[in-house]
Amino acid sequence: MIKKALLVVVLLAAVAVVGARLAVAGEGCADAGESMAAAAAAPAEVKVPVVSVNNTVCPVEGTLISKPGEYTVEYESVIYNLCCENCKAEFLKDPAKYIAKVNEEKAKADAAAVKVAATMEAEAKM
């Protein structure tokens, strides 16, 4: 009989503890629900990843860049390497002009890489 009474007391204590935790959790959930609703109502800020084109020729001066990444300009979530800090202002005056130069230089580099790969493949077959 004592064992049963002790078991009932332990079970009641466990139910009381669990009930108290649920009540506290319920209070927090109301606050969390309100903050979640506020967050849903606020306009979401879309973060666009920034990408580097890794150009090795300065689009403004046309010179080789000695330390890519040292002088850069970010335009429309794209980072362009420059040869010096002075080129940044010039780039921003007419970004389309200089972006076209970067794209042209990249196309030349890609074409050269394809040509080298084809030459190496042809030599390997000999």
Among the residues of region 97-126, write down those that are open to solvent by 70 Å² or more (accessible area, probe 1.4 Å) and under 26 Å from GLU70 (Cα atoms). LYS97, LYS101, ASN103, GLU104, GLU105, LYS106, LYS108, ASP110
Identify, from the list GLU74, GLU45, GLU34, GLU27, the residue that is in a helix (DSSP H, G or I), open to solvent by 80 Å² or more (accessible area, probe 1.4 Å) and at pLDDT 55 or above. GLU34
So which pairs qualify, if the first residue must be in region 44-73 and within 15 Å of LYS108 (Cβ to Cβ), the second must be open to solvent by 90 Å² or more (accessible area, probe 1.4 Å) and of a type in the set (A, V, I, L, M, F, W, C), the Cβ gap must be under 7 Å, and the two must be at least 6 apart or on different chains? THR56/LEU64; VAL57/LEU64
Tally the residues that are assigned to a strand (DSSP E or B) and either within 16 Å of LYS93 (Cα to Cα) or in contact with a helix residue (DSSP H, G or I) (Cβ under 6 Å, 6 or more places away or on another chain) (or both), restricting the search to region 50-71. 1
Any residue in region 61-68 that is under 27 Å from VAL46 (Cβ atoms), within 25 Å of the chain's Cα centre (by Cα), open to solvent by 60 Å² or more (accessible area, probe 1.4 Å) and not aromatic (Phe, Trp, Tyr)? no
Using the structure shown, decide if LEU82 is touching a strand residue (DSSP E or B) at 6+ places or on another chain (Cβ under 9 Å), exposed (fewer than 15 other Cβ atoms within 10 Å of the Cβ) and modelled with pLDDT of 95 or more. no
For ALA89, only one of the following conditions fails: (1) among the aliphatic types (A, V, I, L, M); (2) assigned to a loop (DSSP other than H, G, I, E, B); (3) modelled with pLDDT of 95 or more. What is its number? (2)
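The values are calculated or read from the model by the stated rules, or taken from the named source; none is laboratory data. The structure displayed is predicted, hence computed values, not measured ones. Methodologically, a virtual Cβ is constructed for each residue, glycine included, from the backbone with ideal geometry; neighbour enumeration extends over all protein chains shown. Side chains are part of the model used for accessible areas, which takes the heavy atoms of the whole protein and leaves out ligands, DNA and RNA. Shrake-Rupley method; radii C 1.70, N 1.55, O 1.52, S 1.80 Å.
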